[in-house]
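The values are calculated or read from the model by the stated rules, or taken from the named source; none is laboratory data. Keep in mind that what you see is a predicted model, and the values were worked out from it rather than measured. With ideal geometry, Cβ positions are generated from the backbone for all residues, glycine too; neighbour counts draw on all protein chains shown. Note: accessible area is taken over every heavy atom of the protein model, side chains too, but ligands, DNA and RNA are not part of it. Shrake-Rupley method; radii C 1.70, N 1.55, O 1.52, S 1.80 Å.
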Amino acid sequence: MSQAVAGQTLSGTPQLTVPAVPVREIMPWLVFFAVLGMIAVYFVSAEQGATSLFAGTNIHEWVHDGRHLLGFPCH
Ligand SMILES: [Zn+2]
């Protein structure tokens with residue numbers, strides 16, 4: 001006879017259960033974060049450099065170190 005205590009039986013055998021998450025539930029979040037990632041990469045790599053959606057250099061200055069860190073051409 002064994003009792004379950006915080007996911008482990010008293011006999012010493014760990015009980016590990018991984019819940020199955022359907023792809024249908026993950027897909028909207030995957031698309032959402034992929035779009036956010038692409039927007040972030042755009043602003044770091046090309047905004048106020050190769051292209052410019054916003055006037056001025058504020059965005060360039062905010063992401064300037066990231067641009068150099070990731071190896072995008074800058075100056
Ligand atoms: Zn630079």
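Restricting attention to the stretch 47-62 and to residues that are near the ligand (Cβ under 10 Å from one of its atoms) and surrounded by 11 or more Cβ atoms within 10 Å (Cβ to Cβ), the residue that is farthest from the chain's Cα centre (by Cα) turns out to be 49. Among residues of the stretch 19-45 that are surrounded by 10 or more Cβ atoms within 10 Å (Cβ to Cβ), those with a beta-carbon under 8 Å from a residue that is outside any loop (DSSP other than H, G, I, E, B) and not hydrophobic (A, V, I, L, M, F, W, C) at least six positions away or on a different chain give the pairs 44/66; 44/67; 45/67. Of the residues that sit in the stretch 63-75 and are part of a helix (DSSP H, G or I) and open to solvent by 50 Å² or more (accessible area, probe 1.4 Å), which one is farthest from the ligand (Cβ to nearest atom)? Among those that are part of a helix (DSSP H, G or I) and open to solvent by 50 Å² or more (accessible area, probe 1.4 Å), it is 69.
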